[in-house]
Amino acid sequence: MSGLTLTLLAALGGCQSSNTGEVLDIGAQNVTAVPVDADIVGEGAVKIAIAAPLSGSGAGTGKAIRQGAEMALEDLGAGKLALAFYDSAGSAGRLKGASEAIDSAGIPIAAVAAGPQALTAFAPASAITIAMVPDDVRRPQGSFAFLPSASDSLVYGVRFALTAKPGSVLLFIPADMPAPAVKALQRRIGAFGTVTPISYRPSQTSAQIADRARPHLAKTSVVAFAGNEAKIAQIVKALNLPAANGPAIVGNIDWTGALFASAELQGALVPSADTGNHGVIAGRYSKKYGAEPPASALYAYDFVAVAAGIVRSRGAEALNRQTLVTDAGFRGTSGSFRFRPDGRTERLFAMNFIDGGQLKPLKAAPEGF
């Protein structure tokens, strides 16, 4: 899970994700719904909903979400949309109440920002749900995960590396990564090359881990890491990879400065979130609200922008799942993305390499699919 995602989820009520990659049916059946009234902004005939913590401990994130959404309404609503805000206050009961209110109002699409434990209580039966979480966080059946994940970025990075040097992939996986998530990651990377998984535990030494991997190195083009532990640098050191013409090392968006500073990881490829289109709103947002737009504001802006674009071009009746799941995707302030039938939101990443303790750009994120 990326640093920006961790920050968002922590603010939304405790980052206690199961990281299973599974989608729940309708979770939190035993939660009692707390009635929540909508705060309507705009006068358009088509309402779209946003459930977020506008009060309580996560109110800072909720405020940024509201600000980003309202800016998109001003920019792109064209008088056709109205926003229905539901204050979850970080409560599963209020999220369930918001679900019931959204169903009663006949709202076709809703975005929800919540911590993993409360999120499963939000499951409107009639609305498409865009959950502001990565796809390795449990969420209601049929919802789309809107945020990038470490797994998404790793798959992207491995594919990028294999394009330059085809071959097999040696995939290092922390032992606490749940089996469904591991299977999904292997399947996705396996679409581009043969994958050999190496699971490791914190109690194992880097030499022990490297010894298990070494027999596979001769055919390996990419050494990929699903985790972000400091031990990764020691594993690479123990592998004793050739300095010239060796396999590419690929990390993910969860890697931090501690790994960047490691001598063993110099030259490693690390994807990062696409920031090339932030300028669309950054200056105006800063002028209006006195701060740079956080990631949560950008995601909210893009949620509203997608809905507004569909309604303006094709009418309210086109605001449905079939219209969202398009191969062409969308270009937003948070980069290019497209909704997938399995509930993921596929995103394009910039590619970087580690040099001198810093990430340096290698290739900008593509503008489209």
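Checking Ser91 against (1) within 28 Å of Arg331 (Cα to Cα); (2) open to solvent by 10 Å² or more (accessible area, probe 1.4 Å), only one condition comes out false. Which one?
(1)
For residues that are modelled with pLDDT of 95 or more and either out of contact with any Asp or Glu (no Cβ under 8 Å at 6 or more places or on another chain) or open to solvent by less than 30 Å² (accessible area, probe 1.4 Å) (or both), tally how many sit in segment 44-58.
The total comes to 10.
Examine segment 52-64 for a residue that is touching a residue at least 12 places away in the same chain (Cβ under 8 Å), in a helix (DSSP H, G or I), touching a strand residue (DSSP E or B) at 6+ places or on another chain (Cβ under 8 Å) and not polar (S, T, N, Q), and state whether such a residue exists.
Yes, because at least one residue in segment 52-64 is touching a residue at least 12 places away in the same chain (Cβ under 8 Å), in a helix (DSSP H, G or I), touching a strand residue (DSSP E or B) at 6+ places or on another chain (Cβ under 8 Å) and not polar (S, T, N, Q).
With the condition kept exactly as written, say whether any residue in segment 295-309 is of a type in the set (Asp, Glu), open to solvent by less than 20 Å² (accessible area, probe 1.4 Å) and either within 14 Å of the chain's Cα centre (by Cα) or closer than 23 Å to Trp255 by Cβ (or both).
Scanning segment 295-309 turns up at least one residue that is of a type in the set (Asp, Glu), open to solvent by less than 20 Å² (accessible area, probe 1.4 Å) and either within 14 Å of the chain's Cα centre (by Cα) or closer than 23 Å to Trp255 by Cβ (or both).
Is it true that Ile109 is over 22 Å from the mean Cα position of the chain (by Cα), of a type in the set (Val, Ile, Thr) and at pLDDT 95 or above?
no
Which residues, taken from segment 311-335, are surrounded by 13 or more Cβ atoms within 10 Å (Cβ to Cβ), out of contact with any Asp or Glu (no Cβ under 6 Å at 6 or more places or on another chain) and not in a loop (DSSP other than H, G, I, E, B)?
Within segment 311-335, Val311, Arg312, Ala316, Ala318, Arg321, Thr323, Leu324, Phe330, Arg331 qualify.
Yes or no: Ile249 outside any strand (DSSP E or B) and in contact (Cβ under 8 Å) with a residue 24 or more places away in the chain?
no
For segment 197-229, what are the residues that are assigned to a helix (DSSP H, G or I) and open to solvent by less than 60 Å² (accessible area, probe 1.4 Å)?
Scanning segment 197-229 gives Ser206, Ala207, Ile209, Ala210, Ala213, Leu217.
For segment 336-358, name all the residues that are surrounded by fewer than 20 Cβ atoms within 10 Å (Cβ to Cβ), basic (Lys, Arg) and not in a loop (DSSP other than H, G, I, E, B).
Arg338
Within segment 260-273, can one find any residue that is open to solvent by 40 Å² or more (accessible area, probe 1.4 Å) and hydrophobic (A, V, I, L, M, F, W, C)?
Yes, because at least one residue in segment 260-273 is open to solvent by 40 Å² or more (accessible area, probe 1.4 Å) and hydrophobic (A, V, I, L, M, F, W, C).
From the list Leu119, Leu73, Leu81, Leu170, which residue is open to solvent by less than 10 Å² (accessible area, probe 1.4 Å), over 22 Å from the mean Cα position of the chain (by Cα), touching a residue at least 24 places away in the same chain (Cβ under 8 Å) and farther than 17 Å from Ala226 by Cα?
Leu81
Ile235 passes all but one of (1) closer than 20 Å to Gln358 by Cβ; (2) part of a helix (DSSP H, G or I); which number fails?
Failed condition: (1).
The values are calculated or read from the model by the stated rules, or taken from the named source; none is laboratory data. None of these values were measured; they are calculated from a predicted model. Counting neighbours? That spans all protein chains shown, and the Cβs are built from the backbone with ideal geometry, glycine included. Accessible surface is based on the protein model in full, side chains and every heavy atom, while ligands, DNA and RNA are left aside. Shrake-Rupley method; radii C 1.70, N 1.55, O 1.52, S 1.80 Å.
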